[in-house]
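Throughout, read-outs are computed from the coordinates displayed, never taken from laboratory work. Worth saying up front: this structure is predicted, and the values here are computed from it rather than measured. Here the Cβ is made from the backbone with ideal geometry for all residues, glycine too, and neighbour counts use every protein chain on show.
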Ligand SMILES: [Fe+2]
Ligand SMILES: [Fe+2]
């Protein structure tokens, strides 16, 4: 079951050839997908041979095989984790009942919406990142970008499989629409706001893969608990791929920091102008990028109080992060949770029914996880002997959804006046000047083993290859 059949037009481990109708529908979608990839995938890179990993089996030992591939020839397909025998629903009102192998009629609309919303983020990020190959800081980084891109493409396949198999005609229409929306488009944008932002430079890309791909991890973890078993099995396999994306982000930002600290020590200065003259990204600018990406990403979890979130949980569609490891009753009726509110010009905690606050629960779990990596960045700064620490901003800072939307809050969590916000905004969020400076550093470095001046080389190469390995062959 877990071996992937590569002899078929669409690689899969779901016995696709036994369901002719589904196979035909997906084979009809495939050329449209490839056309989208040609138009919106990595710009000017379609002919490169890239050292990529491809899944050959979903077993922990055997799912990554490395070799040179032209990206349009990447074997996108359908890979589900093996079914767990007699799996039971383990939270919500249906707890203890058998997991669903098909979509119950009463949950069809909600499940479709969940799958489409998740599916939409996958091609969106490829679109957001499509220009980055033109300004890569090294071959190693270029390869990592492309690996992330092809896997986001595969995540789209994962969601499209569910739409085609379980949602009939509506599902097929949704699958087409996933190829039609465009990140940042005026008339037909992607569904979620963070996926319509630009990813204009590589610092943004590393922040995005650290923070926003981590939102992906938390959403997928919540869906991996789902009573709808095919969704749970699909998202479990997606999570194995997601880990690499976050590694790209964490190590990428870490290498920028390492290089900056190196130059700070060489020049014995923390003067932003001197550091910029030396061609590295000063730590305050890194902090501002962090503030931006963190705040935009935590909005993705949705409103702090949501009756949809309650419905999704109680009906078994979407669990909590690590639902199975929690020791409460997994029904949550009568439980409460603290969310933030504004009263008399200050932030106060307010207790609300937990079922309605499940977006906030997931957001808080995400924040805890995000902070751990920021502390690992701080250790790099500390090791360099530099007196500066990065900080995750307060969760009320720069929010655009829920109770906190429109409330002006400083990174340290004080409600501030419009005047104070305006006076300090340039210290808290990247300015046009900061972005222009970072953009000015983005040259293209493609000689094996060479790195742009603003970023340190990685400690290790990919798949135990040397750092100066030829990760991309340009044709
Ligand atoms: Fe993804
Ligand atoms: Fe990802």
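Before moving on, here are some points about what is shown:
- P(r), alpha carbons of segment 264-419 - 5 Å bins starting at zero, rounded %: 2, 8, 15, 17, 15, 13, 11, 8, 5, 4, 2, 1
- Where only DSSP H runs of four or more residues are counted, the chain gives -15000 deg cm²/dmol as its mean residue ellipticity at 222 nm, each run worth -39500 (n - 2.57).
- In plain terms, the chain from residue 15 to residue 134 could stretch by 38.9 nm, reckoned as 0.36 nm per residue minus the Cα-Cα distance.
- Legend: P(r) of segment 400-474 from all alpha carbon pair distances, 5 Å bins from 0, whole percents, reading 3, 11, 14, 13, 10, 9, 9, 10, 10, 9, 2.
- Per-selection Rg to Rh, segment 14-99 - Cα, Kirkwood hydrodynamic radius: 1.11
- Residues 330, 185, 245 arranged by fewest to most Cβ contacts within 10 Å: 185, 330, 245
- Calculated FRET efficiency for the pair residue 440/residue 342, C-beta based, R₀ 56 Å, to 0.05: 0.90
- DSSP-defined beta bridges in the chain - what % are antiparallel, rounded to 5: 90 percent
- Cα pair count fraction exceeding 33 Å, expressed as % - the chain: 39 percent
- Cβ-Cβ FRET estimate between residue 272 and residue 460, R0 fixed at 22 Å, reported to 0.05: 0.10
- Taking the centroid of alpha carbons for each part, segment 340-385 and segment 151-175 are 33 Å apart.
- Counted by neighbouring Cβ atoms within 10 Å, the residues 120, 365, 73 run from fewest to most as 73, 365, 120.
- The label point for residue 329 and the one for residue 30, both projected 7 Å from the Cα toward the Cβ, are 5.1 nm apart.
- For segment 209-283, the Kirkwood radius over C-alpha pairs fed into Stokes-Einstein at 4 °C and 1.567 mPa s yields D = 89 µm² per second.
- Using alpha carbons only: equivalent-ellipsoid semi-axes of segment 123-192, gyration tensor based, whole Å: 28, 16, 6
- Separation in nanometres of the label points that stand 7 Å from Cα toward Cβ, at residue 473 and residue 39: 3.2 nm
- Isotropically averaged projected area of segment 46-159, using the convex hull of Cα atoms (one quarter of hull area), nm²: 9.4 nm²
- Once C-alpha pairs closer than 8 Å and six or more residues apart are averaged by separation and normalised to the residue number of the chain, the relative contact order reads 19 percent.
- Segment residue 384-residue 421, extension gain: residue separation times 0.36 nm, minus the distance between their alpha carbons: 10.0 nm
- Förster radius 51 Å - calculated FRET efficiency between residue 106 and residue 187, Cβ distance, rounded to 0.05: 0.95
- Euclidean distance of C-alpha centroids, segment 402-475 and segment 272-310, integer Å: 9 Å
- In this simple spin-label approximation, residue 432 and residue 6 carry label points 7 Å from Cα along the Cα→Cβ vector, and these lie 5.1 nm apart.
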